[in-house]
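Structure first, then comments.
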Amino acid sequence: MDQIVIRGGQRLKGRIPISGAKNAALTLLPCALLTDEPLTLRNLPRLADVDGFGHLLNQLGCSTTIEGSRPEDFGRVMTARTTTLTSTVAPYDIVRKMRASILVLGPLLARAGEATVSLPGGCAIGNRPIDLHLKALEAFGAEIELASGYVKAVAPGGRLKGGKFTFPVVSVGATENAVMAAVLAQGTCVLENAAREPEIVDLCNCLVAMGASIDGIGTETLTIEGVDRLHGATYRVMADRIEAGSYACAAVITEGDVELVGAKASEMEATLSALRQAGATVEESKTGIRVAMSGRADPVTLSTAPYPGFATDMQAQFMAMATLGSGASLFTETIFENRYMHVPELARMGCDIDVRGRSAVVRGVDHLVGAPVMATDLRASMSLIIAGLAAQGTTEVNRVYHLDRGYERLEEKLQAVGADIERISAG
């Protein structure tokens with residue numbers, strides 16, 4: 001199994017290109033199931049999860065072709081076309097590997113009037129039920145049963161109906177599934193207390209480019225007028241705000257100066273505010289965002305929250321950054337109940353972190369020491385990379401397949417700005 005080896009202590013300086021967003025790409029790909037015409041996605045990141053989702057689409061009858069990147073993009077170009085759905089079953093052996101696979105449920109139900117999707121897998125960072133996905137679809141007329149580990153959904157008469165659903169709590173995935181289901185429904189579908197993440201805005205904009213009618217994009221109330229059919233489109237995947245924030249944390253902990261090329265400040269205001277709270281210089285540039293740091297980071301107090309709040313996907317990276325801070329930082333995780341699994345691994349490197357329920361106090365130490373560590377999930381993996389970049393000695397990060405799910409060409413990008421980092425392939 002591959003591992004990443006870091007010899008810490010190098011100051012990061014230079015430009016880091018930010019790839020297309022993983023979370024957006026995995027939401028845009030199932031849109032190809034909603035039409036028999038080609039959907040071309042530009043700036044698609046080279047990630048294991050993207051490849052896995054492409055394989056799932058192939059199983060359902062969608063053909064995919066991939067080209068190299070264009071000069072204005074960092075990622076690949078994929079054209080996906082589902083001329084005819086050959087299956088409406090998303091099997092366990094594929095879905096178990098990737099939680100985002102549940103996002104084929106809405107499109108299959110909208111296009112074919114039926115869907116059978118295995119209950120999802122993915123990172124073990126806490127309980128992430130899909131009950132809100134199902135309740136939203138039921139509000140639009142779907143009949144749903146759970147049997148033998150599968151969700152079986154049917155639209156009576158072959159098509160979903162207009163309806164209204166208010167999310168009791170904000171859910172990104174459920175909002176995405178409901179929007180994709182609603183675009184081909186008969187009548188008007190209204191979603192209240194919908195998630196407002198930039199990735200959902202990206203999804204809605206892509207669907208509109210395909211002929212959907214959606215009002216309220218970017219707000220908590222989405223009104224979708226169902227149309228009879230969607231057509232093909234060419235759409236560019238947004239830049240990955242989580243990747244950009246991750247490299248910003250790496251710049252701060254190494255007292256570096258990096259430009260995050262392609263990142264958009266308007267999509268990551270909570271992250272940039274937290275960086276400024278830590279004492280970093282944060283400036284918009286002509287091509288992205290510059291983040292620079294001199295001295296140790298100031299203490300931060302952060303609580304995760306749905307967008308536009310501080311993203312749960314940035315919690316582990318900021319925690320790693322705070323381990324060399326000038327005081328005690330306080331983190332509160334409100335989204336997932338089991339998202340501190342990186343803490344024991346960071347402790348192996350000399351970090352002082354005290355977890356109490358959903359809160360964690362991080363007391364800055366004088367230095368970190370390199371050690372063999374084990375990645376437990378995607379963002380936890382990045383926290384170990386960030387700590388390793390600043391640690392004395394050598395850090396070996398194992399189980400890096402987690403990283404490959406969400407960070408494209410990580411070693412190459414970090415090497416280009418001065419990091420001493422390499423991937424060592426097994427056998």
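For region 314-366, name all the residues that are more than 24 Å from the chain's Cα centre (by Cα), in a loop (DSSP other than H, G, I, E, B) and surrounded by fewer than 14 Cβ atoms within 10 Å (Cβ to Cβ).
GLY327, GLY357, ASP366
Determine which single condition ARG7 fails, assuming it passes every other condition in (1) within 20 Å of ALA174 (Cβ to Cβ); (2) over 23 Å from the mean Cα position of the chain (by Cα).
For ARG7, the exception is condition (1).
Restricting to region 167-178, name every residue that is in a helix (DSSP H, G or I) and either of a type in the set (Gly, Ala, Ser) or more than 22 Å from GLU220 (Cα to Cα) (or both). Lay out the reasoning, then the answer.
Taking region 167-178 first, the residues in a helix (DSSP H, G or I) are 172-178.
Scanning region 167-178 gives GLY173, ALA174, ALA178.
Go through (1) part of a helix (DSSP H, G or I); (2) closer than 26 Å to ASP131 by Cα for VAL208 and report which single condition fails.
(2)
If you take the residues of region 202-212 that are crowded, with 18+ Cβ neighbours inside 10 Å and hydrophobic (A, V, I, L, M, F, W, C), which of them is nearest to GLU243 (Cα to Cα)?
Only one residue tops the list, namely LEU203.
Table: residues versus (1) under 17 Å from ILE253 (Cβ atoms); (2) charged (D, E, K, R).
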| residue | (1), (2) |
| --- | --- |
| ALA311 | no, no |
| MET319 | yes, no |
| ALA322 | yes, no |
| LEU330 | no, no |
| ASN338 | no, no |
| ALA347 | yes, no |
| ASP354 | no, yes |
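Only one of (1) farther than 18 Å from LEU410 by Cα; (2) in contact with a Ser or Thr (Cβ under 9 Å, 6 or more places away or on another chain) is not met by GLY245, so which one is it?
(1)
For the structure I just gave you, tell me whether GLY75 is at pLDDT below 95, crowded, with 21+ Cβ neighbours inside 10 Å, touching a Ser or Thr at 6+ places or on another chain (Cβ under 8 Å) and not hydrophobic (A, V, I, L, M, F, W, C).
Working: at pLDDT below 95: yes; crowded, with 21+ Cβ neighbours inside 10 Å: yes; touching a Ser or Thr at 6+ places or on another chain (Cβ under 8 Å): yes; not hydrophobic (A, V, I, L, M, F, W, C): yes.
In short, yes.
So which of ALA311, ALA320, ALA297, ALA292 is touching an Asp or Glu at 6+ places or on another chain (Cβ under 6 Å), of a type in the set (Gly, Ala, Ser), under 28 Å from GLU259 (Cα atoms) and modelled with pLDDT of 95 or more? So that I can check it myself, show each step before the final result.
On the way: ALA311 fails: touching an Asp or Glu at 6+ places or on another chain (Cβ under 6 Å); ALA320 fails: touching an Asp or Glu at 6+ places or on another chain (Cβ under 6 Å); ALA297 fails: touching an Asp or Glu at 6+ places or on another chain (Cβ under 6 Å).
Answer to the selection: ALA292.
Before we move on, is ARG76 basic (Lys, Arg) and more than 24 Å from HIS231 (Cα to Cα)?
No; evaluated as a whole, the condition is false for this residue.
Regarding GLY52, is this residue at pLDDT 95 or above and either of a type outside the set (Ser, Thr, Tyr) or within 26 Å of LEU384 (Cβ to Cβ) (or both)?
Numbers: at pLDDT 95 or above: no; either of a type outside the set (Ser, Thr, Tyr) or within 26 Å of LEU384 (Cβ to Cβ) (or both): yes.
Taking the combined requirement at face value, the residue does not satisfy it.
Return the total of residues in region 334-385 being of a type in the set (Lys, Arg) and touching a strand residue (DSSP E or B) at 6+ places or on another chain (Cβ under 7 Å). Show your work before the answer.
Within region 334-385, the first condition is being of a type in the set (Lys, Arg), and the residues that meet it are 339, 348, 356, 358, 363, 379.
Okay, now just the ones that are also touching a strand residue (DSSP E or B) at 6+ places or on another chain (Cβ under 7 Å), so 348, 358, 363.
Of the residues in region 334-385, 3 are of a type in the set (Lys, Arg) and touching a strand residue (DSSP E or B) at 6+ places or on another chain (Cβ under 7 Å).
Considering only region 38-56, state which residues are over 12 Å from ALA100 (Cα atoms) and either buried (at least 24 other Cβ atoms within 10 Å of the Cβ) or touching a residue at least 40 places away in the same chain (Cβ under 8 Å) (or both).
Correct list: PRO38, LEU39, THR40, LEU41, ARG42, ASN43, LEU44, PRO45, ARG46, LEU47, ALA48.
Working carefully through the options ALA153, ALA181, ALA174, find the one that is in contact (Cβ under 8 Å) with a residue 60 or more places away in the chain and either buried (at least 24 other Cβ atoms within 10 Å of the Cβ) or hydroxyl-bearing (Ser, Thr, Tyr) (or both).
Details: ALA153 fails: in contact (Cβ under 8 Å) with a residue 60 or more places away in the chain; ALA174 fails: in contact (Cβ under 8 Å) with a residue 60 or more places away in the chain.
Only one candidate qualifies: ALA181.
Quick one: which strands (runs of 3 or more DSSP E) lie wholly within region 10-75 and hold at least 2 residues that are within 17 Å of the chain's Cα centre (by Cα) and either over 30 Å from VAL252 (Cβ atoms) or in the same structural domain as ARG159 (by TED's automatic domain parsing) (or both)?
Working: elements: 13-17, 39-44, 63-67.
The qualifying strands (runs of 3 or more DSSP E) are 39-44.
If GLU255 meets every condition in (1) within 25 Å of GLY9 (Cβ to Cβ); (2) part of a loop (DSSP other than H, G, I, E, B); (3) touching an Asp or Glu at 6+ places or on another chain (Cβ under 9 Å) apart from one, which number is that one?
Unmet condition: (3).
List the strands (runs of 3 or more DSSP E) inside region 79-166, counting only whole elements, that have at least 1 residues being closer than 25 Å to ASP36 by Cβ, assigned by TED's automatic domain parsing to the domain that holds THR65 and not charged (D, E, K, R). Even if it seems obvious, please write down each step before you answer.
Values: elements: 114-118, 143-147, 150-154, 161-166.
Result: 114-118, 150-154, 161-166.
From the residues in region 125-178 that are among the acidic types (Asp, Glu) and over 29 Å from TYR307 (Cα atoms), which one is modelled with the highest pLDDT? Show your work before the answer.
Looking only at region 125-178, we keep the residues that are among the acidic types (Asp, Glu), and these are 131, 138, 143, 145, 176.
Those left that are additionally over 29 Å from TYR307 (Cα atoms): 143, 145.
Working: GLU143: 98, GLU145: 94.
Filtering first and then ranking leaves GLU143.
Of all residues being outside any helix (DSSP H, G or I) and out of contact with any strand residue (DSSP E or B) (no Cβ under 8 Å at 6 or more places or on another chain) in region 386-407, which is farthest from THR376 (Cα to Cα)? Just the residue, please. Even if it seems obvious, please write down each step before you answer.
Looking only at region 386-407, we keep the residues that are outside any helix (DSSP H, G or I), and these are 391-400, 405-407.
Add one more test, that the residue is out of contact with any strand residue (DSSP E or B) (no Cβ under 8 Å at 6 or more places or on another chain), and what stays is 405-407.
Numbers: ARG405: 12, GLY406: 13, TYR407: 15 Å.
Per the criteria, the residue is TYR407.
The values are calculated or read from the model by the stated rules, or taken from the named source; none is laboratory data. A quick note: this is a predicted structure, and the numbers were derived from the prediction, not measured. In this analysis, Cβ positions are derived from the backbone assuming ideal geometry, glycine residues included, and neighbour counts consider all displayed protein chains.
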